[in-house]
Ligand code: EPU
């Protein structure tokens, strides 16, 4: 039936190990294209999006093999630099192969990603940035055709600190001639992870984690072995589960320095968070209370955390105002939460959440990865049974979500 079946859980306990970050792993896999030979990535989550990225690389003639959470990517001297619609339409992050392909092979064909459940998501900043480095693009038959001689370093000022555009530019600029400066760059931890990999591969990237990233182009890069950072959004999922159900858990490997704003918000709600050498310990001893939430680029509150906060706030005391500043259409799951008894009024970029005592189990639909996982968490705080349909969205970003929640004492099945 392709659903999660979720029963009410009173209190959670124990520990859960946070896996590798989806949004880092996908870009690191794309970055492997920059060097001929075998790049080995550790801590790569076994999720559908990684499978799609593997299929995309294999469609180009790259060898990809998984051994547990280790992925080996064998890039030959010549490949077929094409990202077909069948794969790009399943995963927008496919666009991150564009920069490496143009930089290393001077040619790329990538299907134009369509809209998705967040509404329209343009890639204009990726393209204008790469054009500043000397790439030329034409658009026909639903594809972007990119061409370039040797890329040349340039100054690029991003209109918005786009994560994907910053990454594509960092990768392309690494194999260019001269210096590139990216201003108003995204500052997410995944950007720093990519910078660390690129530097290990022989690139000269500095300033990752700040708004100004400088890249000194190099002629050649080499394959390396690298470990993906832990997934801060997976950690947020379990934090919201504790907020909704109560109890205490150790989130093993979670990196508090990547989640400062979320930790602050959770503490404002009344959660107790302790930093442990092994990760983060989160505990709920009291009724949580409403807080105001506004998403912003890092180090602001990540848009990916928002569904988990909304679910926790929906069963907290009082009123919360939630504002989405990154993706205009990212409130669709609210209709599903309302079907589960939440009192939420959404208008444009804003939602007003009035806390209720408990969700009411219902059949609901996952619209995207994070919204789907948030509905599973809501189900854990709902009387009766909740069925979250279109579970394939959740599988795109979570390895064994049901198993991990069950190990903490929840009753969740992937049916
Ligand atoms: N934007 C443009 N033009 C562009 C690029 C972006 O207008 O050329 C706009 C977007 O439409 C959006 C804003 O800029 O309004 C930010 O988009 P960004 O490029 O930063 O996002 P992204 O790279 O497409 C990544 C994550 C998302 C996460 C966002 C924001 C991956 C694969 N995806 O997307 O994660 O929400 O950054 O932090 O890294 C998820 O994991 O489920 C997910 C959606």
Only residues in the range 163-176 that are farther than 18 Å from residue 188 by Cβ and modelled with pLDDT under 95 count as the first member; pair them with residues that are more than 11 Å from the ligand (Cβ to nearest atom) and not in a helix (DSSP H, G or I), Cβ under 7 angstrom, at least 6 apart or cross-chain, and list the lot. none
Taking the range 196-205 only, how many residues are outside any loop (DSSP other than H, G, I, E, B), away from the ligand (no atom under 15 Å from the Cβ) and buried (at least 20 other Cβ atoms within 10 Å of the Cβ)? 2
Do we have any residue at all in the range 269-280 that's more than 16 Å from the ligand (Cβ to nearest atom) and within 26 Å of residue 184 (Cα to Cα)? no
Filtering the range 182-192 for residues that are part of a helix (DSSP H, G or I) and away from the ligand (no atom under 11 Å from the Cβ) leaves a count of 1
Output the residue which, of all residues in the range 22-48 that are crowded, with 19+ Cβ neighbours inside 10 Å and farther than 18 Å from residue 168 by Cα, is farthest from the ligand (Cβ to nearest atom). 39
Failed criterion for residue 39 (all others in (1) in a helix (DSSP H, G or I); (2) in contact with a helix residue (DSSP H, G or I) (Cβ under 7 Å, 6 or more places away or on another chain); (3) farther than 17 Å from residue 23 by Cβ hold): (1)
Unique residue being in a strand (DSSP E or B), at pLDDT 95 or above and farther than 23 Å from residue 234 by Cβ when the list is 65, 103: 65
Residue among 227, 214 that is touching a strand residue (DSSP E or B) at 6+ places or on another chain (Cβ under 6 Å) and free of Cβ contacts under 8 Å to residues at least 40 places away in the same chain: 214
Could you list, in sequence order, all residues of the range 305-357 that are more than 20 Å from residue 288 (Cβ to Cβ) and touching a residue at least 60 places away in the same chain (Cβ under 8 Å)? 327, 328, 329, 330, 332
Looking at the range 338-363 only, could you name the residues that are loosely packed, with under 13 Cβ neighbours inside 10 Å and touching a strand residue (DSSP E or B) at 6+ places or on another chain (Cβ under 6 Å)? 345
Let me confirm something: among 71, 44, 5, which residue is within 30 Å of residue 407 (Cα to Cα), in contact with a helix residue (DSSP H, G or I) (Cβ under 9 Å, 6 or more places away or on another chain) and part of a loop (DSSP other than H, G, I, E, B)? 44
Quickly run through the range 405-415 and pick out the residues that are surrounded by fewer than 21 Cβ atoms within 10 Å (Cβ to Cβ) and in contact (Cβ under 8 Å) with a residue 12 or more places away in the chain. 407, 409, 411, 413, 414, 415
Looking across the range 157-181 at residues that are assigned to a strand (DSSP E or B) and away from the ligand (no atom under 16 Å from the Cβ), the single one that is surrounded by the most Cβ atoms within 10 Å (Cβ to Cβ) is 180
Considering the range 82-124, residues that are within 14 Å of the ligand (Cβ to nearest atom) and closer than 19 Å to residue 175 by Cα, and then whichever is surrounded by the fewest Cβ atoms within 10 Å (Cβ to Cβ), we arrive at 95
Need pairs with beta-carbon distance below 9 Å; first residue at positive phi and within the range 142-156, second part of a loop (DSSP other than H, G, I, E, B); sequence gap 6+ or separate chains. 142/112; 142/114
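The values are calculated or read from the model by the stated rules, or taken from the named source; none is laboratory data. Everything quoted here is computed from the prediction, not taken from an experiment. Don't worry about glycine lacking a Cβ; one is built from the backbone with ideal geometry, like all the others, and counts go over all protein chains shown.
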